[in-house]
Amino acid sequence: MNLDEIEFPFEGEALLAPEKKFQETVLLVPFFGARKVSLKKHALFLNHLGFDIVLFDMIPVRMDFSMPMVSFTGKIGMKHVWADQIEKLLNLIPGKKIVFSFSNPSGSAVEALARRKAYDVTAFICDGGPSGNLFQSMVNYYTFEEPVSFPPKKIAKAALMALLWTPHPQSIHNDLNSFPKDFPVMSVQGWKDKLIPPSHIDLVFSPHAQLDFEKLSLPQAGHLNGLRDFKDIYEARVSHFIKRFASGI
């Protein structure tokens, strides 16, 4: 079945490259609070490189506990429910894949790859995450992204959101330990990121020397604004990385 003939769940859609040059399909994983339309700029960039793209919407977080909270694997937390979504999409996409994720949901992408042993994924790019200090990232979120002025309320909301995300944040290290040796990972890090600074991301990846790890540091960038504000270096480095591991047609 062709990619554009598949009925993807989660409002998923395929965007075919004008001129397909690579076997891999890129799955774009939205950032926290985003919908697939937020990643159209990335999709167009990758389309023009010659990659087919799949976009989707993640189940939104709701503080009233009305969203599903238990994953197929029995783990509690949105991180794991989102991993269910990513795993299902990877199972539906035929052939080889590349996963490109954003912010803290990159942790869900890590989990989905680990569940599938990354057997048909040739590379992984994560922009602006995930954080190895989840609680502080949530404090930062309620300081800069959705400001809460009353400090006790801010701390309480951050603690609740961190718990809703996952009660066991250290599980990401078990997931990364299961990645194949020399598995290619690129981490895009903005040095002026107020939500998830590079030090938080390094807490995730630095213990895992078995990865073929590459860092794209953007000294003037904030959270997830690399492609928008530093287009030339972003596109050049991401293109170089992704083409190293993609299979030409």
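The values are calculated or read from the model by the stated rules, or taken from the named source; none is laboratory data. The model shown is predicted, which means the values in this text are computed figures rather than measured ones. Backbone-built Cβ (ideal geometry, glycine too); neighbour counts: all protein chains shown. Side chains included, ligands, DNA and RNA excluded: accessible areas come from the protein's heavy atoms. Shrake-Rupley method; radii C 1.70, N 1.55, O 1.52, S 1.80 Å.
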Q: Could you list all residues from the stretch 1-39 that are farther than 19 Å from residue 82 by Cβ and either charged (D, E, K, R) or part of a helix (DSSP H, G or I) (or both)?
A: 3, 4, 5, 7, 19, 20, 21, 24
Q.
Which count do you get for residues in the stretch 142-170 that are part of a helix (DSSP H, G or I) and open to solvent by less than 30 Å² (accessible area, probe 1.4 Å)?
A. 6
Q) For the stretch 40-60, does any single residue satisfy the condition of being of a type outside the set (Lys, Arg), over 19 Å from residue 180 (Cα atoms), part of a helix (DSSP H, G or I) and within 13 Å of the chain's Cα centre (by Cα)? A) yes
**Q.** Test: residue in the stretch 117-124 that is part of a helix (DSSP H, G or I), open to solvent by 40 Å² or more (accessible area, probe 1.4 Å) and of a type outside the set (Lys, Arg)
**A.** no
Q: Give me a count of the residues in the stretch 191-249 that are β-branched (Val, Ile, Thr) and open to solvent by 40 Å² or more (accessible area, probe 1.4 Å).
A: 2
Q | Count - residues of the stretch 29-78 that are in contact with a strand residue (DSSP E or B) (Cβ under 7 Å, 6 or more places away or on another chain), more than 23 Å from residue 94 (Cα to Cα) and surrounded by 18 or more Cβ atoms within 10 Å (Cβ to Cβ) | A | 1
Q. So how many residues does the stretch 90-102 have that are open to solvent by 10 Å² or more (accessible area, probe 1.4 Å) and of a type outside the set (Lys, Arg)?
A. 4
Q: Go through the stretch 96-115 residue by residue and tally those that are outside any strand (DSSP E or B), in contact with a helix residue (DSSP H, G or I) (Cβ under 9 Å, 6 or more places away or on another chain) and not polar (S, T, N, Q).
A: 9
Q. Which residue pairs have Cβ atoms closer than 9 Å, lie 6 or more positions apart in sequence or on different chains, and pair a first residue in the stretch 180-198 that is farther than 14 Å from residue 124 by Cβ and among the basic types (Lys, Arg) with a second residue that is at pLDDT below 95 and open to solvent by 30 Å² or more (accessible area, probe 1.4 Å)?
A. 194/145
Q: Considering only residues that are polar (S, T, N, Q) and assigned to a loop (DSSP other than H, G, I, E, B), look in the stretch 125-136 and name the one that is most open to solvent (accessible area, probe 1.4 Å).
A: 133
**Q.** Filtered residues of the stretch 195-221 (kept if closer than 18 Å to residue 105 by Cβ and either modelled with pLDDT under 95 or in a loop (DSSP other than H, G, I, E, B) (or both))
**A.** 195, 196, 197
